[in-house]
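Heads up: the structure comes next, in structure tokens.
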Amino acid sequence: MADDREEILSRVRGALAPLKERARMPEYDGGLVLARSRRDAGDPMAEFAVRLRAVNGEVAADAAALAALLRARGWTRGYCDPALWPGLRAHFGPEFRVETAFDRTRVDDFQFGITRGAGAVAETGTIILADATTSSRLGALAPWAHVAVISRRDLLSDLTQAVAALGSDPNVIWCTGPSKTADVEGILIEGVHGPGVQIALFVD
Amino acid sequence: MRTQRIDQAAARLGAETRAAVYDGAKIGHEKRTKLLFDHYADPNRLRELAGEIKQHVVENLDTYLPAVEARLVANGVKVHWASTAEAACEAVHAILRARGATKLVKAKTMVSEEIELEGYLRERGIESLETDLGEFIVQLDHDRPSHIIKPIIHKNRRQIAELFERNGLGAYNDEPQVITQRARQFLRHKYLGADAGLTGANFMVAESGRLVVVTNEGNSRFCLAATRCHIALVGIEKILPRDRDLALFLNLLARSGTAQQLSVYNEFILGPRAPGQPDGPEEMHVVFVDNGRTNVLASSCREILRCIRCGACLNVCPVYRQAGGHAYRSVYPGPVGAVLSPLLLGRRFPEKADLPKASSLCGACNEVCPVNIPIPDLLLRLRDRAHTERVPSPGTPPMGAWSILASQPAAWKVALFGGRFLDHFPRSLVPVPALRAWESSRDLPKWRGGEFRRWLKLRRKRPGAGQSSPGITP
């Protein structure tokens, strides 16, 4: 394996040696990658909601609305980040059975998962999850519906800001709408491996 | 009459498959164009910029590779190097063996197809399961993917429903929703029972050591949420210089590949899971794979190493749309494959020297490429190489007679005059096998030889008269 390293690097050096000049790294303005619509973007919160709906995600206005939404679809068994549950439970009636530990041996028992979102991106309707703030990667992924609870001040304007905010968390994932595929005849189907429903709940 | 292997494969393609490939590719291309031009006033500037950045990386891999290795090690990632397919398989196997792992779940990685990892591990008692829906179906059917990002573009729902029924995944039902739900139920228990997760990398950032994995289904995330060990197979050309370059490339990748503003899941991985995080890998390995890439780097076609595997050139290619991906006999089909696949073979280049000829050089692949690879130029360079190395080229008509005609004006003139008799002569009787083979799937237009000469003559006599050409259409 050490031999492979030397072999590859020496072949790379050998391949590049005949080049008289190497292509230089071009300088560019980060604003170049902003889509046209960004130039006259209005209220980021409204824009986020529009973009998330465009990818079939949903925004819950508050905790009571979230509980109503889950109840209306018959999703009463779920997982919730233990740090978030005390603030939410008052809005959830006795018909809910919510656990604060995600038991992977009963993965099919959880209809929804509520975890903290590290941020959101208005430009794309993206929810950002990071290891530091996600109580359980599986709890945010395996249930049919995922609710990300995001602090309003963590809403970012666009992808260039989101890239700048990646930081040193070992694992950051941007989730833009529900899990989907178009592998079968190009027909869009949601909920392949991850959530079939993606909900954002903003809090102060 | 023998023809080239790619032509033979294209001729054998069933009507149903051809229609599936054609429609899938065409829709992908049209949506891409609309989205790019709706979102950007000048999307070409983005493509050119991305191309310049990747060219810079490719031409400076000698400094970028050790730099990214150092970052990875500092981030707690174990780095491995594999110069051949076999070495890459061995590296993965060694990692699994050290953990006593027998079950691997795989997110989609083209490199794993290249090195034929599944068979290697199967022979050694390790189950590796594809989790991308398309790749899962391909694996179940002992088939091969025929598109870089739409692996089962060549299959229809009926074939998939029958396949699921044969494999005990429920009674026949060809609703895509039902097919997807059945795969979801089956695969989630496989993730949870697996010992390790394998992914590729869409990008690897030199300055941070950040590995970026892009999916829509969330399968790579499930691999990295359910298992304790993450192995990433990374082609040595996957590097981007800085984190900030990701915004450009992720915007281009999603729009070019699947006509999305952004893919559903973009995962940025620096190392094993954070302390306190209950799920995910406690151990992370990156295997840098050469497997012929340094041959490409040393060739006159190193621009192809800019490729970010979006599949846009497949979707737009008139040859791919008619021939389908399997005709290329390679992991990488379509225009990018016609350049990359023969080059990756190194000295065995002649085995796939027919691929660069399967192109009309229309240039559409270059126009859609998010990293602006001059694919038609590269195809010409490879045709030249095949000619220089005297690779046999079945089906190519003998050009000796043509070169005599083309170098002697008088002979040319006679030939032009004689050519018109072709219109009155059944071409199936013409005793030139190459012409007959060509005619079997195409129609020769009516003879129009000599019109350019007449036009030029007229123009010389009366300057200005030849402004619009008589009968010569572009």
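The values are calculated or read from the model by the stated rules, or taken from the named source; none is laboratory data. The shown structure was predicted, so the numbers you read here are calculated from the model rather than taken from an experiment. All Cβ positions, even for glycine, are placed from backbone atoms using ideal geometry, and neighbour counts span all protein chains on display.
Note on the stretch B:103-124: residues that are among the hydroxyl-bearing types (S, T, Y) and in a loop (DSSP other than H, G, I, E, B) amount to 1. Filtered by the rule that a residue be over 25 Å from B:E367 (Cβ atoms) and assigned to a helix (DSSP H, G or I), the stretch B:336-350 gives B:G346, B:R347, B:R348, B:F349, B:P350.
The residue list B:V111, B:V79 contains one member that is more than 19 Å from B:A194 (Cβ to Cβ) and more than 12 Å from chain A (Cβ to nearest Cβ), which is B:V111.
Taking the conditions exactly as written (in contact with a Ser or Thr (Cβ under 9 Å, 6 or more places away or on another chain), part of a helix (DSSP H, G or I) and aliphatic (A, V, I, L, M)), does B:L187 satisfy them or not? The answer is yes for B:L187.
Select, from B:F249, B:F268, the only residue that is more than 7 Å from every other protein chain (Cβ to nearest Cβ) and of a type in the set (F, W, Y). Break it down into steps so the answer makes sense when it comes.
Working: B:F268 fails: more than 7 Å from every other protein chain (Cβ to nearest Cβ).
When all the criteria are applied, what remains is B:F249.
Among the residues of the stretch B:169-184, those that are assigned to a helix (DSSP H, G or I) and either closer than 18 Å to B:T17 by Cβ or touching a residue at least 12 places away in the same chain (Cβ under 8 Å) (or both) comprise B:P176, B:I179, B:T180, B:R182, B:A183. Determine whether B:A298 is under 22 Å from B:G218 (Cβ atoms), surrounded by fewer than 24 Cβ atoms within 10 Å (Cβ to Cβ) and either among the aliphatic types (A, V, I, L, M) or modelled with pLDDT under 95 (or both). In short, no.
Residue by residue through the stretch B:134-149, note down the ones that are over 19 Å from B:P176 (Cα atoms) and of a type in the set (A, V, I, L, M, F, W, C). Within the stretch B:134-149, just B:I148 meets the criteria.
Of the listed requirements (1) more than 22 Å from B:R448 (Cα to Cα); (2) surrounded by fewer than 13 Cβ atoms within 10 Å (Cβ to Cβ), B:A410 misses just one: (1). B:P398 falls short on exactly one of the conditions (1) surrounded by fewer than 19 Cβ atoms within 10 Å (Cβ to Cβ); (2) outside any helix (DSSP H, G or I); (3) within 24 Å of the chain's Cα centre (by Cα), and that condition is (3).
Within the stretch B:314-335, the set of residues being assigned to a loop (DSSP other than H, G, I, E, B) and among the hydroxyl-bearing types (S, T, Y) comprises B:S330, B:Y332.
Of the residues making up the stretch B:49-70, those that are of a type outside the set (A, V, I, L, M), more than 7 Å from chain A (Cβ to nearest Cβ) and buried (at least 19 other Cβ atoms within 10 Å of the Cβ) are B:G51, B:K54, B:Y64, B:E69. Could you please give the count of residues in the stretch A:129-158 that are among the aliphatic types (A, V, I, L, M), facing chain B (nearest Cβ under 10 Å) and closer than 25 Å to B:L252 by Cα? Total satisfying the criteria: 2. Residues that are assigned to a loop (DSSP other than H, G, I, E, B) and without any contact (Cβ under 8 Å) to a residue 24 or more places away in the chain were ranked within the stretch B:148-168; the one that is nearest to the other protein chains (Cβ to nearest Cβ) is B:I152.
Can you say whether A:T115 is among the polar types (S, T, N, Q), on the phi < 0 side of the Ramachandran plot and either touching a strand residue (DSSP E or B) at 6+ places or on another chain (Cβ under 8 Å) or more than 14 Å from chain B (Cβ to nearest Cβ) (or both), as far as the supplied structure shows? Considered against the rule, which asks whether it is among the polar types (S, T, N, Q), on the phi < 0 side of the Ramachandran plot and either touching a strand residue (DSSP E or B) at 6+ places or on another chain (Cβ under 8 Å) or more than 14 Å from chain B (Cβ to nearest Cβ) (or both), A:T115 comes out as yes.
Checked against (1) touching a strand residue (DSSP E or B) at 6+ places or on another chain (Cβ under 6 Å); (2) free of Cβ contacts under 8 Å to residues at least 60 places away in the same chain; (3) away from chain B (no Cβ under 12 Å), A:A120 passes all but condition (2). Total residues in the stretch B:38-48 satisfying the condition of being exposed (fewer than 14 other Cβ atoms within 10 Å of the Cβ), at pLDDT below 90 and part of a helix (DSSP H, G or I): the figure is 1. The helices (runs of 4 or more DSSP H) located wholly in the stretch A:1-108 that include 2 or more residues which are within 12 Å of chain B (Cβ to nearest Cβ) occupy A:2-16, A:44-54.
For beta carbons closer than 6 Å, sequence separation of 6+ or different chains, a first residue in the stretch B:198-215 that is under 13 Å from B:I231 (Cα atoms) and a second that is small (G, A, S), the qualifying pairs are B:T199/B:A107; B:T199/B:S220; B:T199/B:A232; B:A201/B:A232; B:L211/B:A201; B:L211/B:A232; B:V213/B:S220. For the stretch B:66-85, a tally of residues being in contact with a strand residue (DSSP E or B) (Cβ under 7 Å, 6 or more places away or on another chain) and in a helix (DSSP H, G or I) returns 4.
Counting residues in the stretch B:299-308 that are more than 8 Å from chain A (Cβ to nearest Cβ), among the β-branched types (V, I, T), in a loop (DSSP other than H, G, I, E, B) and touching a helix residue (DSSP H, G or I) at 6+ places or on another chain (Cβ under 8 Å) gives one or more.
Residues checked against (1) at pLDDT 95 or above; (2) touching a strand residue (DSSP E or B) at 6+ places or on another chain (Cβ under 6 Å); (3) crowded, with 22+ Cβ neighbours inside 10 Å; (4) not assigned by TED's automatic domain parsing to the domain that holds B:A88:
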residue: B:M204; (1), (2), (3), (4): yes, yes, yes, no
residue: B:G209; (1), (2), (3), (4): yes, no, yes, no
residue: B:T215; (1), (2), (3), (4): yes, yes, yes, no
residue: B:A225; (1), (2), (3), (4): yes, no, yes, no
residue: B:V234; (1), (2), (3), (4): yes, yes, yes, no
residue: B:R242; (1), (2), (3), (4): yes, no, no, no
residue: B:A247; (1), (2), (3), (4): yes, no, no, no
residue: B:L262; (1), (2), (3), (4): yes, no, yes, no
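Could you identify the single residue in B:A88, B:A94 that is in a helix (DSSP H, G or I) and either away from chain A (no Cβ under 14 Å) or buried (at least 23 other Cβ atoms within 10 Å of the Cβ) (or both)?
Details: B:A94 fails: either away from chain A (no Cβ under 14 Å) or buried (at least 23 other Cβ atoms within 10 Å of the Cβ) (or both).
Just a single option satisfies the conditions, and that option is B:A88.
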